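First the structure, in the form of structure tokens, and then the observations on it.
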Amino acid sequence: MTALTDARPTGAPVVPLGVPLVGGAHGRVSGAGTEGLAADDERARSERIAAVRSGEIGSVHSWELVTAVDGPGTRMTTFLAGCPLRCLYCHNPDTMEMRRGTDVAADEILRRVARYRGVMKATGGGLTISGGEPLMQPAFVRRLLRGAKAMGVHTAIDTSGFLGAACTDEMLDNLDLVLLDVKSGDPDTYRRVTGRALQPTLDFGRRVADRGDTEIWVRFVLVPDLTDDEANVELVAEYVASLGAAVTRVEVLPFHQMGRDKWDDLGMRYELGDTEPPSVELVERVRGQFRAHGLTVF
Ligand code: SF4
């Protein structure tokens, strides 16, 4: 995810969605000795793996109800744990590892979606699946999208697109909006920012746009001395413009230091400690570059 949508500590407050389906709460095997316990653990482990594979459960970081971020209207944004990228400016480095999430049943999330369906409908909102990277858990996301759509709820994912190949056509059939984080236009800069290759993101955006029935909002995080180079921004803007009518909005998100403490808390090295937020003039220059390509920019 972009993780710089606004100044809120994204993903917090952490609200447990439900009891893990499998979490070590096995019945005591009286008189069976340690061998029985080991067998029980083994069975629980394989049941969990099967449930993860089928998407019945997923690793969830947190969820929150938000308005006017992560898509239109009032939304239930669910943050999944796990991300293949290592963005230098990540606002939520605690979502990078899947093991830091909690096992939650897809049905439990869908029950909550059903509970908020009224307010979602009234405000033109819906369900947004963010992260981390939602496409790290495609079977889980597939279930959520299918379930939400069956209730008539608007759906969105917030993704870097790096794992776009894991997003099936069926998933796209059940997706109204893709919040696509294009973190750089120049492949070298993209690698410097994320540690990964740019091309899968470009391919995914093109594939979604070519379908013509899924809307795209592009997000670009503006970091001084990292992503702000005029030529780099121009490459992003040209690409986004080439996606045509599918892109209805571009959000230029100014870098800030709100996530910094989390890096320290996790004992991870944070490289942008000396980086200042972009000036008003710089933000306007970059927004102007996107506007010059006929894009609607926020
Ligand atoms: S590392 Fe992952 S979660 Fe963090 S900003 Fe990058 S894509 Fe988003």
- Query: Which ³J(HN,Hα) values in Hz, rounded to whole numbers, follow from the phi angles of region 174-191 under the Karplus curve 6.51 cos²θ - 1.76 cosθ + 1.60, where θ = phi - 60° and Gly and Pro get x?
  - Reply: 9, 10, 8, 9, 10, 8, 9, 8, 9, 7, 5, x, 8, x, 5, 5, 4, 5
- Message: Normalised by the empirical 2.2 N^0.38 Å for globular proteins, what value does the Cα Rg of region 58-291 take?
- Response: 0.98
- Once phi is turned into θ = phi - 60°, what whole-Hz ³J(HN,Hα) does the Karplus curve with 6.51, -1.76 and 1.60 give for every residue of region 233-245, x standing for Gly and Pro? 4, 4, 4, 5, 4, 4, 4, 4, 4, 5, 6, x, 5
- Take the chain, connect every pair of alpha-carbon atoms lying under 10 Å apart with a spring to form a Gaussian network, then pick out the residue of D41, D186, D229 with the largest mean-square fluctuation. D41
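Using alpha-carbon pairs under 8 Å, 6+ residues apart, how would you state the relative contact order of region 58-291 in percent?
For region 58-291, the relative contact order is 17 percent.
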- Among beta bridges assigned by DSSP with both residues in region 58-291, the antiparallel ones amount in percent, to the nearest 5, to 30 percent
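Taking 0.36 nm per residue of separation and subtracting the Cα-Cα distance, what length does fully extending Q257 through A114 add?
Numbers: separation 143, 0.36 × 143 = 51.48 nm, distance 3.55 nm.
Full extension of this stretch gives 47.9 nm more.
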- Message: Straight-line reach from K262: which aspartates and glutamates fall under 20 Å, measuring Cα to Cα and dropping same-chain residues less than 8 apart?
- Response: D6, E64, D94, E97, E133, E271, D274, E276
- Task: Excluding G73 itself, calculate the net charge of residues whose Cβ lies under 13 Å from the Cβ of G73, where each Lys or Arg counts +1 and each Asp or Glu counts -1.
- Result: +1
- Task: Among the lysines, select those whose C-alpha is under 19 Å from the C-alpha of K149, and discard any that sit fewer than 8 residues away in the same chain.
- Result: K121
- Item | Cys with no candidate disulfide partner in the chain (beta-carbon separation under 4.7 Å rule) | C83, C167
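Read the figures in this text as sums done on the coordinates, not as results from a lab. Nothing here was measured: the structure is a model prediction, and the numbers come from that model. We place every Cβ from the backbone using ideal geometry, glycine too, and count neighbours over all the protein chains shown.
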